[in-house]
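Structure first, then comments.
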Amino acid sequence: ASVGAAVISVLTEERHFKGTLDDLLAARRAVQRELGPHLRPAFLRKDFVVDRYQLLEARAHGADTVLLIVALLGRTQLLDLTHASRRLGMEPLVEVHTEEEMELALDCGARVIGVNNRNLHTFHMDLATTERCAAVAARRGVS
């Protein structure tokens with residue numbers, strides 16, 4: 001953080017990644033002690049967020065934003081969690097893996113979109129995923 005990180009992503013998913021909400025809180029406190037409350041970067045809760053309660057947990061443990069993975073959420077859930085995040089003062093990072101997911105993210109009003117080049121089923125990396133998703137955004141007038 002002291003070298004200019006804008007966001008620190010903290011894994012809080014316990015089962016597969018052995019992260020905890022306490023890790024998020026500890027990271028935020030450590031950085032805040034070092035840099036102060038006004039100079040610290042934002043903190044992202046990196047987890048499989050699927051309900052509003054997880055947003056409240058994130059906020060209570062120091063998150064400034066959360067990861068919403070389109071592949072896990074349907075349109076209704078993505079819209080609900082995006083709006084609920086914003087009501088809590090968090091602009092979510094919406095993760096997409098395909099052109100269809102990019103379309104859905106844009107349809108749901110996502111403002112911050114991340115493209116994951118790793119296929120979640122095969123774990124194969126395809127850097128062209130970013131190009132394909134960027135083309136969708138460009139066609140929609142988003143840069």
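The values are calculated or read from the model by the stated rules, or taken from the named source; none is laboratory data. Because the structure is a prediction, the values reported are computed rather than measured. Quick reminder, even Gly has a Cβ in these numbers, built from the backbone with ideal geometry, and neighbours come from all protein chains shown. Quick note on the areas: whole protein, heavy atoms, side chains included, nothing else; ligands and nucleic acids left out. Shrake-Rupley method; radii C 1.70, N 1.55, O 1.52, S 1.80 Å.
List the trypsin sites (Lys or Arg not before Pro) in the stretch 54-143 that DSSP assigns to loop (not H, G, I, E or B) and whose Cβ has at most 15 other Cβ atoms within 10 Å. Which are they?
Hits after loop and neighbour filter: ARG111, ARG140.
Provide VAL94, VAL31 ordered by accessible surface of protein heavy atoms (probe 1.4 Å), highest first.
My answer, sorted largest first, is VAL31, VAL94.
Using a 1.4 angstrom probe on the protein heavy atoms only, could you order SER143, SER85 from most to least accessible area?
Highest to lowest solvent-accessible surface, that is SER143, SER85.
In debye, nearest 20: dipole of the chain around its Cα centre with unit charges on the Cβ of K, R (+) and D, E (-)?
Dipole of the chain, to the nearest 20 debye: 440 debye.
With every protein chain in place, what's the accessible area of THR122 (1.4 Å probe, Å², nearest 10)?
90 Å²
Name the residue, out of GLN32, GLN77, GLN54, whose mean-square fluctuation peaks in a Gaussian network model built on the chain with Cα pairs under 10 Å.
Answer for the Gaussian network model of the chain: GLN32.
What are the residues whose amide H is under 5 Å from the amide H of VAL49, where those residues sit 5 or more places off or on another chain and H is modelled from the backbone?
ILE69
Quick one, which of (1) 11, 35, 33, 17, 4, 0; (2) 12, 38, 35, 15, 0; (3) 10, 29, 24, 18, 11, 6, 1, 0 is the actual P(r) over Cα pairs in 10 Å bins from 0, in percent calculated for this model?
(2)
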